[in-house]
Structure formats: structure tokens, C-alpha cells
Amino acid sequence: FLVYQPKWNVRDDCLAGFEALLRWNHPQFGLVSPGEFIPIAEKTRSIIPLTLWVLEEVSNQSKLWQKRGFAQPISVNFSARMFELEDLAKQVQFILQKVGLDPCLLEIEITETMILEDVERVTAQLEKIRKLGVIISMDDFGSGYSSLNMLKDVAIDVLKIDLNFLRNSAQSERGQKILQATIRMAQSLDLPVIAEGVETREHVDFLLRSGCMFAQGYCYSKPVPIEEYERKVSESQIKSSKAKKQEHL
Ligand code: C2E
Ligand code: CA
Ligand code: CA
């Protein structure tokens, strides 16, 4: 099943979207973390049908919210295996059309290691998906051997700073400078930056000072089942309809 974690606009202090994250409730072992089952799903290639299922679930959820006037982009994590599908862009397009979802409400998170596996093929497939209007986000930036060259060659829409990069950098002056330089570089490329693993008010203040507009982390919310947001959406709808009634009185 899926859980959803909000992305927050720290500058305007408002919701900016969600990331969908997989969970597995095993009948015998209980809740298994994705760190354990995703590598196995990748090895067995079952990650491909699983991701297609996630894409459809997320698209349906997003469409439902859009109909209720609560349009929010939701992101889906891709694994390198997805790019083994020759017709990947077509499959994404098929799901979008089936659900009737505006492509800009779907975001796909990729990592640079996925691209490194086969730069030309993956870049070409990403370009096709991006042409559909889907948002492409570079996840875990700063976690591995982040190649600046990659940013030059691969068309992406969002840069997502890895949670360990934020955590380790925020602790030292030198680290903070590197992180701030990364944010400035992204800005000069017109790329919005989102920091993940934002846990404390200090992290938020640091991001605000550094010009990073978006954040995701326990400081705002842990990933939670969709029902929690369903409740919040209906509550805010009730509130706004009550406010409208008051206006008319
Ligand atoms: P990720 O894409 O980097 O996801 C962010 C992870 O950081 C999530 O762990 C999330 O719960 C956690 N996180 C968020 N905010 C905070 C925070 O403030 N502090 C800390 N300590 N952690 C935070 P999760 O859900 O366990 O997912 C782990 C990884 O599993 C994900 O990393 C992603 O690589 C993979 N994964 C999860 N769902 C999917 C999926 O649908 N498809 C694929 N291919 N991979 C997935
Ligand atoms: Ca992610
Ligand atoms: Ca990440």
C-alpha cells in the first residue's frame, strides 16, 4: 500500500504536493520497510508491475483531488529497471489518458545512478516522458558522486537534496557553504530546489536563509496513509463552504 508525505513551500508556508512511498504489510512479518523489499523487487523485476500500479493509484488519487478543487502534484519513485521498458513513455501516457489526469500533476523521481547505467537510453526515455508534461525530479542529489555534468545534459525540472546531504552539511560552516552554493547553482539553472529530511525548525530557518523554497520531512509530517489527508481535505471543504455561507448572510 502507499503512504503519502507532504512537500512544503517554506517561503509561503503552504502545501506544495506529495511523495507517494510504498509499504508492505506482510501477513507473517508485519510491516516490511521499502529499504528491504524494494531491492528484492528490483532483482526479480517485480518492481516494474509494482511501479505501474503505483502510477495508476497516484494518478487516480490526484484526479480525485483535482475534481474536488484540491489539485496537488504527487511524485512517484522510479527504479532503474523501469527504463528497461522500451515503451515506458507510452505506458505512462496510457495511464494518464486512462485516468484523464493533467500530466503536470504527476512527478517522477529519478536518481543519477539510474541515468549512469545507460546515459543515452535513459536520457532519451526521460525526454519523451517530460514532453508529455510530466515533471522530472532528480532525487538524492548530493548523496553519491553527484556529477554536475549530468545537470548540464539531463533535462530535469526539480532538484531534490538528499537527506544526509542536508543533515551533514547543516552541521558545519563549510558544509553549509557547499549546500548554499548547490542551491544557488540550481537557481541559476532555473531549477526549484527541495530539501528532504527536514526535521527541525533550525533546518527550516537555514533553508529559508539559503533561498531553498521547498522542504519535505518529519518537521511537517511523516509519510501517512491517504485517509488522513482525505479527512483534512473534506474538513477544509466544509470550512470553506461554511465561510461562503457566512459571507452570504
Ligand atoms: P526516498 O525516495 O529518498 O524517500 C525518502 C525517505 O526518507 C522515505 O523513507 C521517507 O519516509 C524518509 N523521510 C522523509 N522525511 C524524513 C525525515 O525528516 N527524517 C528521516 N530520517 N527520514 C525521512 P522510506 O519511505 O522508508 O523509503 C525509503 C526509500 O525506499 C525511498 O527513498 C525510495 O528510494 C524507496 N522507495 C519507497 N517507495 C518506493 C517506490 O514506490 N518505488 C521505488 N522504486 N522506490 C521506493
Ligand atoms: Ca524519492
Ligand atoms: Ca530521496
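Quick notes
- Any hit, the range 91-100, residues being under 20 Å from residue 40 (Cα atoms), modelled with pLDDT of 95 or more and surrounded by fewer than 21 Cβ atoms within 10 Å (Cβ to Cβ): no
- Selection status of residue 66, touching a Phe, Trp or Tyr at 6+ places or on another chain (Cβ under 7 Å), away from ligand 1 (no atom under 11 Å from the Cβ) and touching a residue at least 24 places away in the same chain (Cβ under 8 Å): no
- The numbered conditions (1) assigned to a helix (DSSP H, G or I); (2) on the phi > 0 side of the Ramachandran plot are all true for residue 69 except (1).
- All conditions in (1) touching a Ser or Thr at 6+ places or on another chain (Cβ under 8 Å); (2) at pLDDT 95 or above hold for residue 72, with the sole exception of (2).
- Residue, nearest to residue 212 (Cα to Cα), within the range 135-191, restricted to residues that are in a loop (DSSP other than H, G, I, E, B), small (Gly, Ala, Ser) and within 16 Å of ligand 1 (Cβ to nearest atom): 170
- Cβ pairs under 6 Å, 6+ apart, first in the range 44-57 and among the β-branched types (Val, Ile, Thr), second in a helix (DSSP H, G or I): 47/41; 47/81; 48/81; 51/82
- Residues satisfying the stated conditions in the range 130-169, i.e. open to solvent by less than 30 Å² (accessible area, probe 1.4 Å) and more than 16 Å from ligand 2 (Cβ to nearest atom): 150, 151, 154, 169
- Some residue of the range 116-124 being away from ligand 2 (no atom under 16 Å from the Cβ), over 16 Å from the mean Cα position of the chain (by Cα) and at positive phi: no
- Count of the range 110-134 residues which are touching a residue at least 40 places away in the same chain (Cβ under 8 Å) and in a loop (DSSP other than H, G, I, E, B): 2
- Pair list, Cβ < 8 Å and 6+ apart or interchain, from the range 90-106 residues that are at positive phi to residues that are surrounded by 15 or more Cβ atoms within 10 Å (Cβ to Cβ): 100/63
- Yes/no for residue 44 being open to solvent by 10 Å² or more (accessible area, probe 1.4 Å), out of contact with any Lys or Arg (no Cβ under 6 Å at 6 or more places or on another chain) and closer than 24 Å to residue 128 by Cβ: no
Residue-wise test of (1) under 28 Å from residue 145 (Cβ atoms); (2) aliphatic (A, V, I, L, M).
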| residue | (1), (2) |
| --- | --- |
| 179 | yes, yes |
| 191 | yes, yes |
| 196 | yes, no |
| 204 | no, yes |
| 229 | no, no |
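- Filter result (in contact with a helix residue (DSSP H, G or I) (Cβ under 6 Å, 6 or more places away or on another chain), among the aliphatic types (A, V, I, L, M) and open to solvent by 60 Å² or more (accessible area, probe 1.4 Å)) within the range 1-39: none
- Residue under evaluation residue 121, criteria (1) within 23 Å of residue 84 (Cβ to Cβ); (2) surrounded by 15 or more Cβ atoms within 10 Å (Cβ to Cβ); (3) not small (Gly, Ala, Ser), criterion not met: (2)
- Residues satisfying the stated conditions in the range 47-63, i.e. farther than 15 Å from residue 100 by Cα and either in contact with a Phe, Trp or Tyr (Cβ under 7 Å, 6 or more places away or on another chain) or open to solvent by 60 Å² or more (accessible area, probe 1.4 Å) (or both): 49, 51, 53
The values are calculated or read from the model by the stated rules, or taken from the named source; none is laboratory data. Because the structure is a prediction, the values reported are computed rather than measured. Neighbour counts run over all protein chains shown; Cβ positions are idealised from the backbone, glycine included. When the accessible area is computed, the model is the full protein with side chains, heavy atoms only, and any ligands, DNA or RNA have been set aside. Shrake-Rupley method; radii C 1.70, N 1.55, O 1.52, S 1.80 Å.
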